[in-house]
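Just below is one structure, and these are the notes that go with it.
The values are calculated or read from the model by the stated rules, or taken from the named source; none is laboratory data. Since we're looking at a predicted model, the values are computed, not measured. When we count neighbours, we look across all protein chains shown, and the Cβ atoms used for this are built from the backbone with ideal geometry, even at glycine. Quick note on the areas: whole protein, heavy atoms, side chains included, nothing else; ligands and nucleic acids left out. Shrake-Rupley method; radii C 1.70, N 1.55, O 1.52, S 1.80 Å.
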Amino acid sequence: MSTLAHTMMTTARSADSGLAGPGELDRYPYADAPVGGRVGPPAWDADPELGRGSRRSAGNRGRGLHGQLVQQLGQMIVSGDLGADRPLVPEEIGQRFEVSRTVVRESLRVLEAKGLVSARPNVGTRVRPVSDWNLLDQDIIEWRAFGPQRDDQRRELSELRWTIEPLAARLAAGHGREEVQQRLSDMVEIMGHAMGQGDALTFARADSEFHSLLIQLAGNRMLEHLSGIVSAALQVSGGPLTGCERPNEASLAHHGRIVDALAGGDGAAAEAAMRQLLMVHPEVERVVPGPR
């Protein structure tokens, strides 16, 4: 690996990246490379299923080579290209993606923290079954939403939002944090302006912040911990749809009604407005039936 690539990888490390600490990398055994370089093609290339995954685009999320490899391997596992109990050999990964052993080891450690792989003595690193995955992890949510499980993932996200957000709206009405309520009002104003300008990106960003702020205002730390699910759901929209995923007058009006209900301390009205927002589009009724 070049000096520049190594510098990129080192600089990309951050406190919350889940990278290995001193002495932890040895949990992923990595044999010394043979003298004289590679001997024959890596075993990855013998399996056409692995090649499919390697051609997918990888978002680096500002984490350089390490982040790209986490993305690639994560996508391949979640898509099924690397099935449950599949052995992951660090040497082969390093050769296949042309990255250093340090990058491979750190990436596997991150994937282990997400429940996607396990590393055990005398067994090596293997892909874990879906039942072991941290399905609330935002990366896994994204990978599932754009893979073969996209329909199930989006349905499950819609069901979770239906459970989380109406409750959060009701609770938020009982907390008089004026600065947060003003920020919610600002987001509605920004959404309205963006919709008038046809600026879907700005609308989406303001919408995501609106929902995150609302959950924070609820004053329930466990709900706040789940706010990332809502953000992820908004980022992977594309069906089933809710009112937040198509900028229109009805969606904007329901956001405004939520803000008004919060300002008036009316929890029931805030909850009702949120339910109406999540049901703006008839497509969502196939996911979560309306109240009877």
Just order 69-81, 192-204 by mean Cβ neighbour count inside 10 Å, highest at the front, would you?
69-81, 192-204
In order through region 91-108: 3J(HN,Hα) via Karplus (6.51 cos²θ - 1.76 cosθ + 1.60), integer Hz, x for Gly, Pro
4, 5, 5, x, 6, 5, 9, 6, 10, 6, 5, 5, 4, 4, 4, 5, 5, 5
Decide, for region 120-173, between rounded, prolate and oblate: order the square roots of the alpha carbon gyration tensor eigenvalues as a ≥ b ≥ c, take rounded if a/c falls under 1.5, and otherwise choose prolate if a/b is larger than b/c, else oblate.
prolate
Accessible area of Glu178 in the full protein assembly, 1.4 Å probe (Å², nearest 10):
150 Å²
If each residue of separation counts as 0.36 nm, what is the full-extension length gain between Arg205 and Ala263 once their alpha-carbon separation is subtracted?
18.6 nm
